[in-house]
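What follows is a single structure, written as structure tokens, with notes after it.
The values are calculated or read from the model by the stated rules, or taken from the named source; none is laboratory data. Just so we're clear, the structure is a prediction, and the values are computed from it rather than from any experiment. Virtual Cβ from ideal backbone geometry, glycine too; neighbours counted across all protein chains shown. Ligands, DNA and RNA are stripped out before the accessible areas are found, and what is left, the full protein with its side chains, is counted by its heavy atoms. Shrake-Rupley method; radii C 1.70, N 1.55, O 1.52, S 1.80 Å.
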Amino acid sequence: MTTSPLARLLIIEDNEEVLRSLKKYFTKKNYDVVTASNGLDGLKVYENDQDGFDLIITDLVMPNISGVAIISLVKKKSPQTPVIAITGWGEHPEALATEAQADLVLEKPIELDRMDRFISDLLKKK
Amino acid sequence: MSPSKIKQKAPAIIGTSQAMERIKDLISHVADTGLNILICGESGVGKEVVAQNLYQESPRSSRPFLKINCAALPDGLLESELFGHEQGAFTGAERKKRGKFELADGGVLLLDEIGDMSIALQAKLLHVLQSGEFSPLGSEKEVHTDTWVLAATNHELEEDIRHDKFREDLYYRLNIIKILIPPLRERPEDIPHLIEHFVNEYAYQFQAGRINIPGNHMIAKLCEYHWPGNVRELQNILKRGFALGNWDEIIDELFRYAPASIPSSGQSAGAMGRSASVSSLSGLDYRTLNLDDISLKDITRAAQGRVEREVISFVLEKTGWNRSKASRILKISYKALLYKIKDLNIIIPH
Ligand SMILES: Nc1ncnc2c1ncn2[C@@H]1O[C@H](COP(=O)(O)OP(=O)(O)O)[C@@H](O)[C@H]1O
């Protein structure tokens, strides 16, 4: 028996391993998960998408288009879409992510259960 | 070298390598965002061409595009070029001058060689990027600016951050979008396209039928060369060849002065190892010559040419082609350096 998914997530992360584990975890939690492994591909998925994403998760430091750029562009187009930024240890663009109106900045290593709770909260607030 | 205003149409980005296709794709997706962009790559790879294309595809294309080379000016002058000054702000400031951030308002400002900007100026730049405001030298008033800032560099800025030569917060602010252009030697498949492009471009400038086009064999050779000066060096070599047609000689010269390849590790330092390095240094294996043809002077001169060319090119690259800085580092006179650059046919980007 399949239940309809809770929400549609876009996850952009250039570390394949992190991306895979996020996708696996949130798919199991009954989310509809779309992934992209760099900023440019993520932006293209976002721009060409017809159905709309309920929430976006993006890494901050990535080659070509950074997470900060993704956040700014998403917030310009649809300010109500919640965005979670994830950042690696020892990288310091958090201030920029906040300035770009990220709803939440989480540091790696990611605690999946905690992230899941944050996502539920953000989706409820929406 | 002086800051200049560019008005003509942006040159097309030639190249079909995966890297260049990706860059064109990236440009079309980010040109309308107004987000800060950092363009990285060795000298001559096409950083300015990419900046001009970003500008042309942006909604700001009818507004000014200004460029300033941060390596070409001493600190104080660069500061007043960027931010302007009031009359009497310093000795010699006889008239009020508007800075680039004011002149480029509504348009685009390309900060070339950003890695050479002093730490003090980096702080001022960071302030403009954060607040959109700056004050001209000698003025208390903050002026608002809506300038799209593109920065270009041939430095490894991450390395400069580790050595406290570049501010990490400024780096993150510029690096919202990064366009990394690989050196030409990593995308040799672009070379034939670039040659064709320059043939077409220069055919206009030469009298009809007078341009000397390199043959396929020559083009294959040009694809093998490692192009330390990248597309700019290729363009200069082609210009020479189109005019003179001495392709054999040109290619011979390119490879003769090419830096010696690095010997693979673990090679014995015995007699064979040593003579192999002499041949790679001089570009000529004397052991294969007739004894009568061995000339110590010729072999030494060839090796010396290669060593000088490699070291001088390296230092020029590192100093952002600042020749007076380079001559000080090399501990030779400025005049001697200029002579060597000419003699060794080292291509200087303009
Ligand atoms: N992909 C390209 N297609 C066409 N011309 C190029 C390309 N890349 C570089 N050039 C040419 O090579 C020269 C050097 O390019 P430039 O953008 O000034 O390099 P950089 O700013 O990286 O030093 C210019 O004459 C430019 O027109």
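Would you point out the residue of the range B:131-166, among those that are within 22 Å of the chain's Cα centre (by Cα) and of a type outside the set (A, V, I, L, M, F, W, C), that is farthest from residue B:50 (Cα to Cα)?
Only one residue fits best here, namely B:165.
Test residue B:158 against the criterion of being within 26 Å of residue B:65 (Cα to Cα) and either of a type in the set (Gly, Ala, Ser) or without any contact (Cβ under 8 Å) to a residue 24 or more places away in the chain (or both), and give yes or no.
Values: within 26 Å of residue B:65 (Cα to Cα): no; either of a type in the set (Gly, Ala, Ser) or without any contact (Cβ under 8 Å) to a residue 24 or more places away in the chain (or both): yes.
Spelling it out, it is not the case that residue B:158 is within 26 Å of residue B:65 (Cα to Cα) and either of a type in the set (Gly, Ala, Ser) or without any contact (Cβ under 8 Å) to a residue 24 or more places away in the chain (or both).
With respect to residue A:41, is the statement that it is open to solvent by 10 Å² or more (accessible area, probe 1.4 Å), modelled with pLDDT of 95 or more and away from chain B (no Cβ under 13 Å) true? Lay out the reasoning, then the answer.
Details: open to solvent by 10 Å² or more (accessible area, probe 1.4 Å): yes; modelled with pLDDT of 95 or more: yes; away from chain B (no Cβ under 13 Å): no.
Here the answer is no, as residue A:41 does not meet what is asked.
Taking the stated definitions as given, is residue B:195 open to solvent by less than 50 Å² (accessible area, probe 1.4 Å) and within 14 Å of another protein chain (Cβ to nearest Cβ)? Outline the logic, then answer.
Working: open to solvent by less than 50 Å² (accessible area, probe 1.4 Å): yes; within 14 Å of another protein chain (Cβ to nearest Cβ): no.
Considered against the rule, which asks whether it is open to solvent by less than 50 Å² (accessible area, probe 1.4 Å) and within 14 Å of another protein chain (Cβ to nearest Cβ), residue B:195 comes out as no.
Answer yes or no as to whether residue B:224 is touching a helix residue (DSSP H, G or I) at 6+ places or on another chain (Cβ under 8 Å), modelled with pLDDT of 90 or more and open to solvent by 50 Å² or more (accessible area, probe 1.4 Å). So that I can check it myself, show each step before the final result.
Values: touching a helix residue (DSSP H, G or I) at 6+ places or on another chain (Cβ under 8 Å): yes; modelled with pLDDT of 90 or more: yes; open to solvent by 50 Å² or more (accessible area, probe 1.4 Å): yes.
Yes, satisfied.
Any residue at all in the range B:201-208 that's within 11 Å of the ligand (Cβ to nearest atom), open to solvent by 50 Å² or more (accessible area, probe 1.4 Å) and more than 20 Å from the chain's Cα centre (by Cα)? Working first, answer last.
Of the residues in the range B:201-208, the ones within 11 Å of the ligand (Cβ to nearest atom) are B:201.
Those still in the list that are open to solvent by 50 Å² or more (accessible area, probe 1.4 Å) too: B:201.
Adding the requirement that they be more than 20 Å from the chain's Cα centre (by Cα) leaves B:201.
Checking the range B:201-208: at least one residue is within 11 Å of the ligand (Cβ to nearest atom), open to solvent by 50 Å² or more (accessible area, probe 1.4 Å) and more than 20 Å from the chain's Cα centre (by Cα).
In the range B:309-332, which residues are away from the ligand (no atom under 16 Å from the Cβ), out of contact with any Phe, Trp or Tyr (no Cβ under 9 Å at 6 or more places or on another chain) and open to solvent by 30 Å² or more (accessible area, probe 1.4 Å)?
B:311, B:314, B:325, B:329, B:330, B:331, B:332
For the range B:41-62, enumerate the residues that are at negative phi, near the ligand (Cβ under 9 Å from one of its atoms) and within 14 Å of chain A (Cβ to nearest Cβ).
Kept after step one, since they are at negative phi, are these residues of the range B:41-62: B:42-43, B:45, B:47-62.
Then drop every residue that is not near the ligand (Cβ under 9 Å from one of its atoms), which leaves B:42-43, B:45, B:47-52.
Of everything in the range B:41-62, just one residue is at negative phi, near the ligand (Cβ under 9 Å from one of its atoms) and within 14 Å of chain A (Cβ to nearest Cβ), namely B:50.
Does any residue of the range A:8-23 turn out to be at pLDDT below 95, open to solvent by 30 Å² or more (accessible area, probe 1.4 Å) and closer than 13 Å to residue A:70 by Cβ?
For the range A:8-23, residues at pLDDT below 95, open to solvent by 30 Å² or more (accessible area, probe 1.4 Å) and closer than 13 Å to residue A:70 by Cβ: present.
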